[in-house]
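A short write-up of the structure that comes next.
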Amino acid sequence: MSWARSRLRSALSPAAVSARGATAEGAARRGLSAWLAAQEPGMDYQDAVRMLNTLQTNASYLEQVKRQRGDPQAQLEAMELYLARSGLKVEDLDRLNIIHVTGTKGKGSTCAFTERILRNYGLKTGFFSSPHLVQVRERIRINGQPISPDLFTKHFWRLYHRLEETKDSSCVSMPAYFRFLTLLAFHVFLQEKVDLAVVEVGIGGAYDCTNVVRKPVVCGVSSLGIDHTSILGDTMEKIAWQKGGIFKPGVPAFTVLQPEGPLAVLRDRARQISCPLYLCPPLEALEEGVPPLALGLAGEHQRSNAALALQLARCWLQWQHHQGIREPETPRPSVPWPLPLAPVFSPTSHMRHGLRDTEWPGRTQVLRRGPLTWYLDGAHTTSSVQACVRWFCQALQLQERSSSRPSVRVLLFNSTGDRDPAALLKLLQPCQFDYAVFCPNLTEVSSTCGNADQQNFTVTLDQVLLRCLEHQQHWGALCEAGRDLWSPSAEPGGPAPLLLAPHPCSASSLVFSCISHALQWISQGRDPIFQVPSPPRSLLTHPMASSGASVLREAAAIHVLVTGSLHLVGGVLKLLDPSLSQ
């Protein structure tokens with residue numbers, strides 16, 4: 001079996017996959033399927049994830065697909081065919097009693113709040129989200145916990161073989177990565193007999209593969225912003241049209257206060273679809289006459305997500321005729337509103353405790369480790385980075401009030417996709433970082449790392465490293481424009497094996513080839529949990545790295561903000577908290 005598993009891993013290595021086109025990938029999967037059928041009992045979780053990763057389209061083919069993007073409606077119809085081939089009908093999904101949530105920012109946090117509230121009522125919950133931070137099974141949760149490796153592995157191979165068995169010459173045997181995981185989540189939730197499923201949209205809404213759901217119990221739209229413009233459109237109105245695509249006839253939907261234009265689009269979409277759409281009152285309206293609501297997620301922006309979650313949970317509970325929900329009084333606003341206001345009600349104790357106990361790693365998360373404090377937030381849009389900056393600065397003010405010791409501020413940043421890194425970095429400047437560190441979303445120099453959960457075949461190593469250098473150049477230009485914020489003290493030097501050369505204008509910034517090396521330089525062995533036997537000498541080859549290391553070793557406190565990408569945050573969490581990989 002060890003020889004067989006080695007053969008599989010060799011076949012699914014990044015080099016092997018990136019060398020093939022879509023046709024070659026399909027042939028490789030077909031060739032392996034018969035062998036896997038015989039070997040399935042011996043396959044472990046990582047083997048399942050490696051096979052799942054072959055459904056990631058390699059980088060060159062992905063670019064071709066973007067240039068030749070097909071009809072979005074046809075893509076949704078293809079999802080229905082995959083669902084049927086997997087052994088399910090669209091009507092089967094009605095049994096999941098789904099809460100469907102979309103939005104640009106905060107949709108994951110809204111889902112987490114909603115799931116935690118309803119779990120407090122003794123309900124068995126399913127939760128499908130993306131992306132994962134450390135392990136792919138985080139995307140499919142039962143009662144708030146990622147499904148076990150054994151459960152993931154069992155359901156994965158069952159679905160994989162079912163799709164292989166039902167292929168014919170007129171269809172592709174396997175759906176792409178996210179489609180497959182969506183199908184897998186539906187199968188797991190049905191077979192585990194959850195009382196409800198909270199389903200987070202992947203991208204957009206109208207043509208997202210989660211929109212194969214036809215009869216959710218309730219829908220939600222969190223805050224809108226500009227993101228995924230190459231897919232959803234380059235204005236908030238176009239994006240709002242896509243998000244409103246999850247509305248269903250007669251199914252109540254809720255949204256938070258949006259800019260006037262996008263809100264009008266959501267209103268018109270709801271009217272066209274005959275969906276009753278309500279505007280959530282702010283959280284303050286639900287706190288009148290009662291103690292303030294405590295939230296398990298930090299940041300002022302989470303109050304909007306919590307307000308939406310309360311309406312979604314209450315609507316679901318009313319649909320299920322649960323007792324203990326007070327009949328609301330609908331407020332009478334003194335000014336006209338573009339949408340009817342959702343009811344104002346007094347949150348129950350279950351709701352209060354659910355909001356308080358919500359955990360959602362990688363979003364406004366703080367880890368305190370000796371002299372180091374890690375601030376982790378996967379913000380990756382202009383509006384979410386603005387919220388992240390407010391949260392980080394407020395947290396620093398509280399720290400500085402309680403301590404007069406000198407501290408160092410470090411930014412660890414990366415961005416991916418079609419996002420504008422220059423705009424995001426400009427928003428981060430008010431934090432007045434002493435050092436800016438850039439690295440790709442790779443935990444180790446080797447892209448395999450022995451861990452399939454964080455493999456990504458949709459980009460090449462050259463692409464991610466070049467992007468990091470571009471980030472550094474943007475940061476350098478910003479530093480030149482605001483030189484008074486900085487005190488450069490070292491001249492740039494030549495490239496080192498593990499530390500790439502800094503841009504001449506950015507003496508206080510560094511680019512590392514992986515997350516591990518970035519964390520080694522930032523922590524300087526002072527994090528009591530993140531320890532490495534002997535950091536490579538080349539981490540200090542450059543004068544900036546060497547002088548900065550001395551400053552970090554002597555600092556009384558080090559505050560590190562990790563942001564720009566949830567995948568970056570996931571890689572950092574994997575190294576800072578090894579238990580997450582267990």
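The values are calculated or read from the model by the stated rules, or taken from the named source; none is laboratory data. Not measured: the values here are computed from a predicted model. For neighbour counting, all protein chains shown are included, and Cβ atoms are generated from backbone atoms with ideal geometry for every residue, glycine included. With ligands, DNA and RNA removed, areas are computed over all heavy atoms of the protein, side chains included. Shrake-Rupley method; radii C 1.70, N 1.55, O 1.52, S 1.80 Å.
For the stretch 167-189, does any single residue satisfy the condition of being without any contact (Cβ under 8 Å) to a residue 40 or more places away in the chain, over 30 Å from PRO262 (Cα atoms) and assigned to a helix (DSSP H, G or I)? So that I can check it myself, show each step before the final result.
Pass one, the stretch 167-189, residues without any contact (Cβ under 8 Å) to a residue 40 or more places away in the chain: 168-170.
Then keep just the ones that are over 30 Å from PRO262 (Cα atoms); that gives 168-170.
Among the residues that remain, those that are also assigned to a helix (DSSP H, G or I) are: none.
No, every residue in the stretch 167-189 fails to be without any contact (Cβ under 8 Å) to a residue 40 or more places away in the chain, over 30 Å from PRO262 (Cα atoms) and assigned to a helix (DSSP H, G or I).
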> buried (at least 20 other Cβ atoms within 10 Å of the Cβ), farther than 18 Å from PHE128 by Cβ and hydroxyl-bearing (Ser, Thr, Tyr): does that describe SER173?
Replying inline: no
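Using the structure shown, decide if LEU266 is within 29 Å of the chain's Cα centre (by Cα) and crowded, with 19+ Cβ neighbours inside 10 Å.
Yes, satisfied.
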> Here is a list of conditions, (1) surrounded by 19 or more Cβ atoms within 10 Å (Cβ to Cβ); (2) out of contact with any Gly (no Cβ under 6 Å at 6 or more places or on another chain), and GLY233 meets all of them except one; can you say which number that is?
Replying inline: (1)
>> Restricting to the stretch 543-569, count the residues that are under 26 Å from the mean Cα position of the chain (by Cα) and of a type in the set (Gly, Ala, Ser).
In response: 2
> Taking the stretch 117-145, which residues are within 18 Å of the chain's Cα centre (by Cα) and either in a helix (DSSP H, G or I) or of a type in the set (Asp, Glu) (or both)?
Replying inline: VAL136, ARG137, GLU138, ARG139
>> Between a residue in the stretch 93-108 that is assigned to a strand (DSSP E or B) and any residue that is among the acidic types (Asp, Glu) and modelled with pLDDT of 95 or more, which pairs come within a Cβ distance under 6 Å, given they are 6 or more apart or on different chains?
In response: VAL101/GLU200
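Considering the stretch 385-419 alone, what residues qualify as being outside any strand (DSSP E or B), modelled with pLDDT of 90 or more and within 22 Å of the chain's Cα centre (by Cα)?
The first filter runs over the stretch 385-419 and keeps only residues outside any strand (DSSP E or B), leaving 385-406, 414-419.
Cutting the leftovers down to modelled with pLDDT of 90 or more gives us 385-396, 414-415.
The answer is VAL385, GLN386, ALA387, CYS388, VAL389, ARG390, TRP391, PHE392, ASN414, SER415.
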> Hey, VAL290 hits all of (1) of a type in the set (A, V, I, L, M, F, W, C); (2) out of contact with any helix residue (DSSP H, G or I) (no Cβ under 8 Å at 6 or more places or on another chain); (3) modelled with pLDDT of 95 or more; (4) over 30 Å from GLY250 (Cβ atoms) but one; which does it fall short on?
Replying inline: (3)
> Do you know which of the residues in the stretch 344-384 that are open to solvent by 20 Å² or more (accessible area, probe 1.4 Å) and part of a loop (DSSP other than H, G, I, E, B) is nearest to GLU288 (Cα to Cα)?
Replying inline: SER346
> Which residues, counting only those in the stretch 203-229, are under 16 Å from SER129 (Cα atoms) and open to solvent by 20 Å² or more (accessible area, probe 1.4 Å)?
Replying inline: ILE203
